[in-house]
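To keep things clear, I will list the structure first and then write my remarks on it.
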Amino acid sequence: MARVAIVTGGTRGIGAAISVTLKDKGYAVAAIYGGDDETAAAFKERTGIPVYKTDVSDFGACEAGVAKIVADLGPIDVLVNNAGITRDGTLHRMTPETWQAVIDTNLGSCFNMSHCVIAGMRDRKFGRIVNVGSINGQAGQYGQVNYAAAKSGIHGFTKALAQEGAGVGVTVNAVAPGYVDTDMVRSVPPHILEKIVERIPVGRLGTADDIARGVLFLVADEAGFVTGSTLSINGGQHMY
């Protein structure tokens, strides 16, 4: 029987690539999305992957969403916490609302979703949780104190939860993408993007598939000896 996987933020960008890669490898995938109904519907039509609209920053919504997925697909074996937003700005101009929105969506969602699946994983003695961090959570980034704090928190969350799950067959790892050719990065002004690429030793932006292949390795049944790790996929830009 196919392993059941949830991918948050799973209908766009990196999340969409992860969802499709897992499906192509035989996983039964549920892609969670936040608000873009049109994109989610097009993704479902194109891939055949079921989509679930869920506010991952809200614990109750996550409970309800996971319960629906379990009813539809079965117990959850794999969770990829990929959902994330940016609300960039220097600290002296950042509002409490933009700070909290990023913390709740990017970091709080890791707690919410993991809490909803961890008991079942522990009971069945198998689970794979992969949290999507960022190079900017490792190295920091001007104008992103909220985003960098949330992503850095993800790396600490990963290491702590890995210790809790290690003895019961549940691995918890992170991937830390560098600059990837997604809508978010393409919105950067060209002259700035050019300077970013100049700092990447391999000489290009990453692709969503580069990240998805790393996730695929970490969620495999055979990856049971890998836990508490952060896989940096950044073209050599930051060696951490």
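A short reminder: the numbers here are calculations on the coordinates, not readings from a lab. Quick caveat, the model's predicted, so the values are computed rather than measured. Cβ: placed from backbone, ideal geometry, glycine included. Neighbour counts: every protein chain shown.
Observations
- Under 5 Å, built H, 5+ apart or other chain: amide partners of residue 207: 181
- Within the listed set 104, 77, 181, the residue fluctuating most in the Gaussian network model of the chain (springs between alpha-carbon atoms under 10 angstrom) is 181.
- Computed from backbone phi with θ = phi - 60° and the Karplus coefficients 6.51, -1.76 and 1.60, the 3J(HN,Hα) list for region 20-31 is 5, 4, 5, 4, 4, 8, x, 6, 8, 9, 10, 9 Hz; x is used for glycine and proline.
- Around the amide H of residue 230, modelled in the peptide plane, lie the amide H atoms of 174, all under 5 Å away and 5 or more residues distant in sequence or on another chain.
- MRE, 222 nm, helices only [DSSP H, n ≥ 4, -39500 (n - 2.57), over the chain, to nearest 500]: -14000 deg cm²/dmol
- Extension gain (nm, one decimal) between residue 191 and residue 25, 0.36 nm per residue minus Cα-Cα: 55.9 nm
- C-alpha long axis of helix 37-47 to longest principal axis of the chain, angle in °: 60
- In this structure, the pairs whose alpha-carbon distance is over 28 Å, taken from 23/53; 25/68; 25/195; 44/159; 25/125; 23/68, are 25/195; 44/159.
- Scalar couplings 3J(HN,Hα) for region 73-80, obtained by applying the Karplus form with A = 6.51, B = -1.76, C = 1.60 to θ = phi - 60°, are 10, x, x, 8, 9, 9, 10, 10 Hz; x denotes Gly and Pro.
- Residue with peak Gaussian network fluctuation, the chain [Cα springs, cutoff 10 Å], from 119, 166, 83: 119
- Spin-label proximity, residue 213 to region 221-240 - amide N less than 16 Å from point 7 Å beyond Cα toward beta carbon: 231-236
- Extension gain for residue 166 to residue 184 (0.36 nm times residue separation, less C-alpha to C-alpha distance): 3.0 nm.
- Gyration tensor (alpha-carbon) shape descriptor, the chain, a/c threshold 1.5: rounded
- Positive contributions from Lys and Arg (+1) and negative ones from Asp and Glu (-1), summed over other residues with Cβ under 11 Å from the Cβ of residue 105, come out at -2.
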